[in-house]
Amino acid sequence: MLSFKLSIIQFDSKVILKSVNLHIPSGKLTLLIGKSGSGKSTLINALTFKNDFNAVYSFDDIKLSDLNDDEKRDFIFSYMGIVYQNPKFIESLTIKDHIELIQSISLSHDHIDIDEYISLLELNGLIYQYPNKLSGGEQVRVAILLSLIKNPDIIIMDEPTS
């Protein structure tokens, strides 16, 4: 279970989130829905350690709020797949090269059926393309594929259908 609890996220005098108490059971799809500016991306940034907030944050028996920066990076690498609104790629690599790179550094021994996911995400004709040749939606689908390769326990997506 992923648990996150904090009292307030505030920038200057503007309160972004107040009294967050989030518990996500394992194996469940959870959506954060709200108006633009309601704090969804801010919460995602907190969950992915992009911003430090005074929060109690844990996953299973790991108290994430106590981790140092290196341990946070290790946790993300070992347990999370993250898909941002505007995915970043290594422009000199094709999508196939990106797939092979992620597979080569993955710690998971439970590799997914990559061809099935390529088909499901409608990426069959795109794997030999370079990222800058893909549309925004295609890039997001590639980012989803890359996040799935290491078979993470947690997948966090910020507006994957935008």
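The values are calculated or read from the model by the stated rules, or taken from the named source; none is laboratory data. Please read all numbers here as calculations on a predicted model, not as lab measurements. Reconstructed Cβ throughout: ideal geometry from the backbone, glycine too, with neighbour counts over all protein chains shown. Heads up: the accessible areas ignore ligands, DNA and RNA and are worked out on the full protein's heavy atoms, side chains in. Shrake-Rupley method; radii C 1.70, N 1.55, O 1.52, S 1.80 Å.
Among the conditions (1) within 22 Å of Leu146 (Cβ to Cβ); (2) surrounded by 14 or more Cβ atoms within 10 Å (Cβ to Cβ), Leu29 misses just one, which is (2). Checking every residue in the range 85-96 against the condition of being within 20 Å of Pro160 (Cα to Cα), within 14 Å of the chain's Cα centre (by Cα) and of a type in the set (S, T, N, Q) gives at least one match. Residues that are of a type in the set (Phe, Trp, Tyr), in a helix (DSSP H, G or I) and either closer than 26 Å to Ile102 by Cα or touching a Lys or Arg at 6+ places or on another chain (Cβ under 8 Å) (or both) do not occur anywhere in the range 39-60. Only one of the listed residues (Ile144, Ile118, Ile102) is part of a helix (DSSP H, G or I) and open to solvent by 40 Å² or more (accessible area, probe 1.4 Å). That residue is Ile102.
Spot the failing condition for Ile112; the list is (1) in a loop (DSSP other than H, G, I, E, B); (2) modelled with pLDDT of 90 or more, and only one is missed. Just one mismatch for Ile112, condition (2). The set of residues from the range 18-45 being touching a Ser or Thr at 6+ places or on another chain (Cβ under 9 Å), among the hydrophobic types (A, V, I, L, M, F, W, C) and closer than 18 Å to Asp153 by Cβ comprises Leu22, Ile24.
If you go through the range 61-99 and pick out every residue that is touching a helix residue (DSSP H, G or I) at 6+ places or on another chain (Cβ under 9 Å) and either of a type in the set (Ser, Thr, Tyr) or open to solvent by 90 Å² or more (accessible area, probe 1.4 Å) (or both), you end up with 5.
Checked against (1) more than 23 Å from Lys63 (Cβ to Cβ); (2) open to solvent by less than 90 Å² (accessible area, probe 1.4 Å); (3) part of a loop (DSSP other than H, G, I, E, B); (4) not hydroxyl-bearing (Ser, Thr, Tyr), Ile16 passes all but condition (3).
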